[in-house]
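Since every read-out is calculated from the coordinates, none of them should be taken as a lab result. Just so you know, these numbers come straight off a predicted model, no measurement behind them. Cβ coordinates were reconstructed from backbone atoms using ideal geometry, including for glycine residues, and neighbour counts include every protein chain displayed.
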Amino acid sequence: MTNKLKYFVGNWKMFGDFGSLKIVQKLNKFTKQSKLSYKKKRIILCVPNTLISFFNEKLKFKSISLGVQNCHHHQGYGPFTGSVSASMLKKAGAEYIILGHSENRSEGESNELIKKKIASALNEKLKIIFCIGETYYEKKRNKTFSVLNKQIKKSLKKNFDMDKIIIAYEPVWSIGSNKIPKKHELRKIIKFIKNDFKKVISTKKAPKVLYGGSVNSKNISLFSTIPEIDGFLIGGASQSSKKFIDIVKNYYK
Ligand code: PGA
């Protein structure tokens, strides 16, 4: 079993209501009873904005962390109908925030916009899960490395607090598709991201890099054989406490 800290981050996407508290409570209980300390295993659930403060109030002794999935780039309050800023989310109890998810990129979010969002979330001392990844079209044209490099270069600034940024590598073609990268390819890509980040940011410290895309309780055992992966961003499977818990359990089997 690995001795390094691993992250298991649930991305609920557009899912959940007050009744979903049951899922959160089960996950919290599992984490509390788990033998692995907070230093070794971190469970984070990124939920819709409508639920963050409710879950925060209901979970008296929190063993898991809660986060959200996007924010407006503007700091504080402003004339942006329907939007929510990082400071509002922080006040509602978010500790983490997913930014740059491909489902938002596909709605028009650019690397430059994501950079502004990261800056405003960092200002609020939120921890960022910054998503990058290539589309199937880009993969087929051997553009994976150049796409990842561009996403890192254009969305991160050297003066950002990098200790608060976790990268999530999510190949777009693998999200919700039941398709996952080949082990040797994934390993190469994770190593590339760590090295490229060090070059772009001019730092000696490699970032934490998670893998996301169709992670489930079966394929997790394959991912657990790749030591370079620091954890997982789990979409569909995180909407069920059993599936999420089985992923964590099977990782350490
Ligand atoms: P998936 O989603 O696990 O359902 O493929 C991952 C994600 O979008 O973060």
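Some observations on this one:
- Checking Ser214 against (1) away from the ligand (no atom under 16 Å from the Cβ); (2) on the phi > 0 side of the Ramachandran plot, the condition it does not meet: (1)
- In summary, Lys249 fulfils each of the numbered conditions (1) out of contact with any Cys (no Cβ under 7 Å at 6 or more places or on another chain); (2) closer than 26 Å to Asn28 by Cα; (3) crowded, with 17+ Cβ neighbours inside 10 Å with the single exception of condition (3).
- Qualifying positions in the stretch 217-253 - of a type in the set (S, T, N, Q), in contact (Cβ under 8 Å) with a residue 40 or more places away in the chain and more than 14 Å from the ligand (Cβ to nearest atom): Ser224, Thr225, Ser241
So that you can scan it fast, the table gives a plain yes or no per residue for (1) in contact with a strand residue (DSSP E or B) (Cβ under 9 Å, 6 or more places away or on another chain); (2) within 16 Å of the ligand (Cβ to nearest atom):
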{"position": "Tyr136", "(1), (2)": "no, yes"}
{"position": "Val147", "(1), (2)": "yes, no"}
{"position": "Asp161", "(1), (2)": "no, no"}
{"position": "Lys164", "(1), (2)": "yes, no"}
{"position": "Ala168", "(1), (2)": "yes, yes"}
{"position": "Ile175", "(1), (2)": "yes, yes"}
{"position": "Val200", "(1), (2)": "no, no"}
{"position": "Lys204", "(1), (2)": "no, no"}
{"position": "Leu210", "(1), (2)": "yes, yes"}
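- Odd one out for Ile180 among (1) crowded, with 21+ Cβ neighbours inside 10 Å; (2) of a type in the set (A, V, I, L, M); (3) within 14 Å of the ligand (Cβ to nearest atom): (1)
- Tallying residues that are under 18 Å from Ile245 (Cα atoms), more than 16 Å from the ligand (Cβ to nearest atom) and either outside any helix (DSSP H, G or I) or small (Gly, Ala, Ser) (or both) within the stretch 7-38 yields 6.
- Note on the stretch 217-244: residues that are under 17 Å from the mean Cα position of the chain (by Cα) and more than 18 Å from Arg187 (Cα to Cα) amount to 7.
- Qualifying residue in the stretch 132-154 (condition: in a loop (DSSP other than H, G, I, E, B), of a type in the set (Val, Ile, Thr) and over 15 Å from Pro207 (Cα atoms)): yes
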